[in-house]
Amino acid sequence: MSADAPKKQKKFIDKYDFPYGLLSDESTETLQAYQVWGRKKFMGREYDGIHRVAYLINEEGIIERTYPSVNTKTFALDVLEELEGTSA
């Protein structure tokens, strides 16, 4: 989920031919409810933004697992490996 406007997300989808829908929360209400919106620091500057956290949510809408630290380069494979290990 992103705080970006749907128009901005559409540009991303079009530019990268991204095949999945993206969720927008410009008000940050949902982001705050999931505790992923808050103060961040980068190069000595503080600002409000999204913390990289992922949730594994089952078919009933129940959070099965929280990933409080996401490595964007390996995350998808890490989760797939974990899921394959638990389903055997």
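The values are calculated or read from the model by the stated rules, or taken from the named source; none is laboratory data. In this text the structure is predicted, and so the values were computed from the model without any measurement. Using ideal geometry, Cβ is built from the backbone for each residue, glycine included, and neighbour counts are taken over all protein chains shown.
Of the residues Met1, Met43, which is surrounded by 10 or more Cβ atoms within 10 Å (Cβ to Cβ), modelled with pLDDT under 95 and hydrophobic (A, V, I, L, M, F, W, C)? If you could, list the steps in order and put the result at the bottom.
Working: Met43 fails: surrounded by 10 or more Cβ atoms within 10 Å (Cβ to Cβ).
Testing whether each residue is surrounded by 10 or more Cβ atoms within 10 Å (Cβ to Cβ), modelled with pLDDT under 95 and hydrophobic (A, V, I, L, M, F, W, C) leaves just Met1.
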Segment 67-80: number of residues that are closer than 20 Å to Ser2 by Cα and surrounded by 13 or more Cβ atoms within 10 Å (Cβ to Cβ): 3
Qualifying positions in segment 9-32 - in contact with a strand residue (DSSP E or B) (Cβ under 8 Å, 6 or more places away or on another chain) and farther than 20 Å from Pro68 by Cβ: Gln9, Leu22, Ser24
Residue match in segment 63-83 (condition: assigned to a loop (DSSP other than H, G, I, E, B), over 16 Å from the mean Cα position of the chain (by Cα) and not assigned by TED's automatic domain parsing to the domain that holds Met1): no
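Might you check whether a residue that is over 13 Å from the mean Cα position of the chain (by Cα), within 22 Å of Glu64 (Cβ to Cβ), not in a loop (DSSP other than H, G, I, E, B) and not assigned by TED's automatic domain parsing to the domain that holds Ala76 occurs anywhere in segment 33-50?
Within segment 33-50, the subset over 13 Å from the mean Cα position of the chain (by Cα) is 33, 38-48.
From what is left, the residues that are within 22 Å of Glu64 (Cβ to Cβ) are 33.
In the following step, the residues that additionally are not in a loop (DSSP other than H, G, I, E, B) were identified as 33.
Of the ones still in play, those that are also not assigned by TED's automatic domain parsing to the domain that holds Ala76 are 33.
Yes.
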